[in-house]
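Trainee: Here it is: the structure, laid out below.
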Protein chains: 2
Amino acid sequence: MSYEFDAVTTLAPVAGDEATLAGDFGTGWLVGKAVNGGVALAVAARALSLAAGPRYPDAIAVTGTYLNPSIAGPLTVRTDVLRRGGSLATGSALLLQPDADGTPVPRVLVQGSVGDLGALPPDDDGPTDPPTDLPAVEDCISSTENRPPSLHKSALLDRFDMRLDPATLGWALGEPSHRGMIQGWFRLRDGREPDTSMLLFAVDALPPVTADLGRLGWAPTLQLSVYARARPAPGWLQLRHETRHLSGGQFEEDARIWDSTGTLVAQARQLARVPR
Amino acid sequence: MSYEFDAVTTLAPVAGDEATLAGDFGTGWLVGKAVNGGVALAVAARALSLAAGPRYPDAIAVTGTYLNPSIAGPLTVRTDVLRRGGSLATGSALLLQPDADGTPVPRVLVQGSVGDLGALPPDDDGPTDPPTDLPAVEDCISSTENRPPSLHKSALLDRFDMRLDPATLGWALGEPSHRGMIQGWFRLRDGREPDTSMLLFAVDALPPVTADLGRLGWAPTLQLSVYARARPAPGWLQLRHETRHLSGGQFEEDARIWDSTGTLVAQARQLARVPR
């Protein structure tokens, strides 16, 4: 079986330039005309991992700064691996897409470290961040089946099964809680199980947390950082994101993901613009 | 008057290569033999801002990935500005230092967006993150005057005046709280007032939060992201940092800074290695 997320993150070396990889966003990951920013980050981070080599299969800490919205269609990623160490490789990856004249336009600039999450030392006696008080899957609301009219044509929402906590969904009924928090369950619709790469997408899959402040609409990401803390177990993921501070038309959005065993597997933060 | 922080962040274009700037860490910002990671981030972000041009004086969202510890002495920063937009310029900055043979060695790779914090739209009715319950300056403990023997030769501690909340300082007496939080007051010793650039240093100035977990020692930073949310007012800064999750020998450290008027001026997050 071939999975949709594997297709969009498939990259092949460009002939004659082993530091550049080519792929295609297709049309399945769009909200409006823009590709989801988490998908773009996952693609660029995958390129960095491939360029670094097989000893570095996982994103450990990666950050993307967004220059222009990605669109459907072909892409290339130019990688620059600056260091290959014993446990981490570090470098950058610039994702580009051709404009109408074929000139490459930068979409997202990624940097960070890739490595092997399976080779990290065993946990010791520090604090751990437990899952939150999310109601059971069957008590949550499907975002795909209850999408607002503005998202009826969103291809992205067809890629996953998301069940939102009704307590954080008042905004969809015109009654935002103003707490600045949204949480829910998440899995890919075609049954592909989560892995590190998929986490980079999942951290940006929930509706912008500004919806819970009564500010509906797209919140363009300026910068998004993801730390993958462990490889996720199969099954549903728990997603939660929240904001504390809105100023100057910007807000930070902190996202956390727990896997089906209750282990914290990813932490993310982004700075985004408040929807107008 | 010439201030120490202005000296370490002074950069001059390299003749014949306008995208490269040269500076010098000097010897004043060392802990052991390594330059503080926040200082390295501030220097690289300053280079990005200078290369972008006078319309972009402030770091808005910058991330550094650390390849090798910076050391005392000369440095260069190679910048690559990918986009200059109406409000933000975006690009990367690679800070290098020569090895014994003069070969440039990468220390920290920075990327992000610079702009004008003074030109952001006025705040509107979102949540804001208030200062915490930090005791008054005179009720806190000077880290400079009460430094542990291992830091008697730390030049860094001579650069600032830091007053730590006694409730978060039990670790210094062998009684860590295990809450994973340290907070205190901060200002530069020579009286230089805070600005956006100084915030990039200040987010990394407190002792590693792992000290409060009973894990003393240096916690090498893998990646550090800083969002400057407003230009700070003159006076003392309030610093607070905390961690929620330690796994695989790594932990995240979230830092917040408020200025003397109680405005949140910076948010930072880093992934670091737990001290051995």
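Trainee: Kindly tabulate the residues in the stretch B:200-237 with an accessible-area decrease of at least 30 Å² between the chain alone and the assembly of all protein chains, using a probe of 1.4 Å.
Mentor: Buried-area filter returns B:Arg215, B:Leu222, B:Gln223, B:Tyr227, B:Arg229.
Trainee: Got the relative contact order for chain A handy, in percent, Cα pairs under 8 Å and 6 or more residues apart? Walk me through the numbers before you get to the answer.
Mentor: Numbers: 671 pairs, mean separation 48.2, N = 276.
Computed over chain A, the figure is 17 percent.
Trainee: Could you give the radius of gyration (one decimal) and Dmax (whole number) of the Cα atoms in chain B, in Å?
Mentor: Considering chain B through its Cα atoms, Rg and Dmax are 18.1, 57 Å.
Trainee: Per residue of the stretch A:250-259, what does 6.51 cos²θ - 1.76 cosθ + 1.60 with θ = phi - 60° give for ³J(HN,Hα)? Whole Hz please, x for Gly and Pro, Karplus curve as stated.
Mentor: 10, 8, 9, 10, 9, 10, 10, 10, 10, 8
Trainee: Average partner chain C-beta neighbours within 10 Å, per residue of B:119-130?
Mentor: Numbers: counts 1, 4, 6, 3, 5, 7, 5, 15, 11, 4, 6, 2.
So the per-residue partner count for this stretch is 6.
Trainee: What 222 nm value per residue comes from the helices of chain B, counting each DSSP H run with n ≥ 4 as -39,500 (n - 2.57) and dividing by all residues, nearest 500 deg cm²/dmol?
Mentor: On the way: 3 runs with 28 residues, N = 276.
That comes out to -3000 deg cm²/dmol.
Trainee: Calculate the spin-label point distance for A:Ala100 paired with A:Ala15, positioning each point 7 Å from the Cα along the beta-carbon direction, and give it in nanometres.
Mentor: Going by the 7 Å Cα→Cβ label model, 3.0 nm.
Trainee: Averaged per residue, what accessible surface does the protein assembly as shown expose to a 1.4 Å probe, in Å²?
Mentor: Result: 39 Å² of accessible area for each residue.
Trainee: Rg and Dmax in Å for the stretch A:137-273, alpha carbons only: what are they?
Mentor: 14.1, 41
Trainee: Ordered shortest first, which distances in nm separate the 7 Å Cα→C-beta label point of A:Asp24 from those of the other copies?
Mentor: In ascending order, 5.7 nm.
Trainee: By a straight-distance test (C-alpha under 28 Å), which lysines pair with B:Lys33 as possible cross-link partners, with residues fewer than eight away in the same chain excluded?
Mentor: In chain and number order, the partners are B:Lys153.
Trainee: Something else: For B:Pro104, which inter-copy label distances result when the label point lies 7 Å beyond Cα on the Cα-to-Cβ vector, reported in nm to one decimal and in ascending order?
Mentor: Spelled out, the distances from B:Pro104's label point are 2.0 nm.
Trainee: Could you grab the Rg to Rh ratio for the stretch A:176-253? Cα atoms only, Kirkwood for Rh. Write out the running numbers ahead of the final one.
Mentor: Details: Rg = 13.7 Å, Rh = 13.8 Å.
With Rg and the Kirkwood Rh in hand, the quotient comes to 0.99.
Trainee: Tell me, what HN-Hα J-couplings in whole Hz come from the Karplus equation 6.51 cos²θ - 1.76 cosθ + 1.60 at θ = phi - 60° for each residue of the stretch B:124-129, using x for Gly and Pro?
Mentor: Result, rounded to whole Hz: 10, 8, x, x, 10, 9.
Trainee: From the backbone phi of the stretch A:188-204, what are the Karplus-calculated ³J(HN,Hα) couplings (6.51 cos²θ - 1.76 cosθ + 1.60, θ = phi - 60°) in whole Hz, Gly and Pro given as x?
Mentor: 6, 5, 8, x, 5, 6, x, 9, 4, 4, 5, 4, 5, 6, 4, 5, 10
Trainee: Once the Cα atoms of helix A:37-52 and of chain A are each reduced to a long axis, what angle between those two axes, in degrees from 0 to 90 to the nearest 10, is obtained?
Mentor: Roughly 30 degrees between the two axes.
Trainee: Within a 10 angstrom radius of each residue's Cβ in B:64-70, how many Cβ atoms of other chains show up on average? Whole number is fine.
Mentor: On the way: counts 2, 12, 2, 7, 4, 0, 0.
Counting Cβ atoms of other protein chains within 10 Å of each residue's Cβ and averaging gives 4.
Trainee: Pull up the DSSP beta bridges for the stretch A:161-276 and report the antiparallel fraction as a percent, rounded to 5. Don't skip to the answer; put the middle values down first.
Mentor: Working: 33 of 33 bridges.
Rounded to the nearest five, the antiparallel share is 100 percent.
Trainee: Running Debye on the protein assembly as shown with equal point scatterers at the Cα sites and no solvent, what base-10 log of I(q)/I(0) appears at q = 0.06, 0.10 Å⁻¹?
Mentor: Taking Cα atoms of the protein assembly as shown as identical point scatterers yields -0.27, -0.79.
Trainee: For the stretch B:111-195, what's the radius of gyration and Dmax over Cα atoms, in angstrom?
Mentor: Rg and Dmax of the stretch B:111-195, Cα atoms, are 17.1, 48 Å.
Trainee: Something else: Quick one: buried accessible area between B and A, total over both chains, 1.4 angstrom probe, nearest 100 Å²? Before the final figure, lay out each step's value.
Mentor: Numbers: alone 13400 and 13400 Å², together 21750 Å².
In total, this chain pair buries about 5000 Å².
Trainee: A follow-up question, please. When Cβ neighbours within 10 Å are restricted to other protein chains, what is their mean count per residue of peptide A:77-87?
Mentor: Values: counts 0, 0, 0, 3, 0, 7, 6, 0, 2, 0, 2.
The per-residue average across the peptide is 2.
Trainee: Express the carbon and sulfur contribution to the solvent-accessible surface of the protein assembly as shown as a percent, rounded to the nearest whole number, probe 1.4 angstrom.
Mentor: Details: 11500 of 21750 Å².
On the protein assembly as shown, the fraction of accessible area on carbon and sulfur atoms equals 53 percent.
Trainee: Continuing with the same structure: So the label point sits 7 Å from Cα along the Cα-to-Cβ vector; using that for B:Pro13, what distances do you get to the other copies, in nanometres, sorted shortest first?
Mentor: Going from nearest to farthest copy, the values are 3.9 nm.
Trainee: Additional query: Please report the Cα spread of the stretch B:4-116 along all three principal axes, rounded to whole Å, starting with the longest.
Mentor: Extents along the principal axes, in whole Å: 42, 29, 24.
Trainee: Can you tally the net charge around B:Leu50? Count Lys and Arg as +1, Asp and Glu as -1, for every other residue whose Cβ sits under 15 Å from the Cβ of B:Leu50.
Mentor: Numbers: positive: B:Arg46, B:Arg55, B:Arg78, B:Arg84; negative: B:Asp6, B:Asp17, B:Glu18, B:Asp58, B:Asp80, B:Asp116, B:Asp195.
With Lys, Arg at +1 and Asp, Glu at -1, the neighbours total -3.
The values are calculated or read from the model by the stated rules, or taken from the named source; none is laboratory data. As the structure is a prediction and not an experimental result, all values here were calculated from the model. Virtual Cβ from ideal backbone geometry, glycine too; neighbours counted across all protein chains shown. Only protein heavy atoms, including side chains, enter the accessible area calculation; ligands, DNA and RNA are left aside. Shrake-Rupley method; radii C 1.70, N 1.55, O 1.52, S 1.80 Å.
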